[in-house]
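**Student:** Got a structure for you, questions after.
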Amino acid sequence: MKKIDDIDKKEYKEVVELWEASVRATHHFLKEEDIEYFKPLILNTYLDAVELKCIRGNGKKIVGFLGVADQNLEMLFIHPDFRGKRIGKTLLNYSIDKLNVTKVDVNEQNEQAVGFYKHCGFEVIERSELDSSGKPYPTLHMKLIK
């Protein structure tokens, strides 16, 4: 089993770099200005607002991470070089089993993520036309159905 580790505040820059690499590989619907908009928010606000956990590869480099607040999976990002290696599934299972995650919000256009969460037992309970920042990216609100 892959070891789940804590993330230190001094690693936030590395986390944001992983986030950006993951988003560029999976969120093709985002505009460049949106990626640039979110980067400082993630670094300076969002990471401090969640409980962060990660999986590290060789050399202690973070290859995937999650962030949880109030039983909601706020973040789950895997470096593109490590997708398909069960890192996302391992982190998700940890978040459910240890952090009591029951909900996740997903960009509707991120069809791979929507499929992943459905496969893992989540179902759509609501849809918002805008994302949480008020940007025109429809969001699916999903709940874990056991």
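The values are calculated or read from the model by the stated rules, or taken from the named source; none is laboratory data. As the structure is a prediction and not an experimental result, all values here were calculated from the model. The protein model used for the area step is the full one, side chains on, heavy atoms only, and it has no ligands, DNA or RNA in it. Shrake-Rupley method; radii C 1.70, N 1.55, O 1.52, S 1.80 Å.
**Student:** Say we join alpha carbon atoms closer than 10 Å with springs in a Gaussian network model of the chain; which of I125, I55, I78 then has the biggest fluctuation?
**Tutor:** I125
**Student:** Still on this model: Can you give the convex hull volume per residue for the Cα atoms of region 33-78, as a whole number of Å³? Spell out each step's value before the answer.
**Tutor:** On the way: hull volume 4.1 nm³, N = 46.
In region 33-78, the Cα hull volume divided by residue count equals 89 Å³.
**Student:** Determine the calculated [θ] at 222 nm for the chain from helices alone, applying -39500 (n - 2.57) to every DSSP H run no shorter than 4 residues and normalising by the residue count; nearest 500 deg cm²/dmol. Provide the component values of the computation, followed by the final result.
**Tutor:** Working: 4 runs with 47 residues, N = 146.
After summing the helix terms and dividing by the residues of the chain, the value is -10000 deg cm²/dmol.
**Student:** Using every pair of alpha-carbon atoms in region 20-146, split the distances into 5 Å bins beginning at 0 and state the percent of pairs per bin, rounded to integers.
**Tutor:** Values per bin, smallest distances first: 2, 10, 19, 25, 24, 14, 4, 1, 0.
**Student:** Now, a different point. Using protein chains only and a probe of 1.4 angstrom, how many square angstrom of K31 are accessible, to the nearest 10?
**Tutor:** 110 Å²
**Student:** Are any of the pairs K2/K146; K9/K53; K10/K53; K60/K103; K13/K98; K31/K60 more than 22 Å apart by Cα-Cα distance, and if so, which? Mind dumping the intermediate values first?
**Tutor:** On the way: K2/K146 24 Å; K9/K53 12 Å; K10/K53 14 Å; K60/K103 29 Å; K13/K98 26 Å; K31/K60 31 Å.
Listed pairs above 22 Å: K2/K146; K60/K103; K13/K98; K31/K60.
**Student:** If you roll a 1.4 Å probe over region 1-143 with all protein chains in place, what percent of the accessible area is carbon or sulfur?
**Tutor:** Carbon-and-sulfur percentage of accessible area, whole number: 49.
**Student:** How about K89: which aspartates and glutamates have a C-alpha closer than 19 Å to its C-alpha, ignoring those fewer than 8 places off in the same chain?
**Tutor:** Of all the aspartates and glutamates, those that pass the test against K89 - Cα under 19 Å, at least 8 places apart if same chain - are D5, D6, E51, E74, D81, D97, D105, E111, E123.
**Student:** Averaged per residue, what accessible surface does the chain expose to a 1.4 Å probe, in Å²? Let's see the in-between values first.
**Tutor:** On the way: 8200 Å² over 146 residues.
I get 56 Å² per residue for this part.
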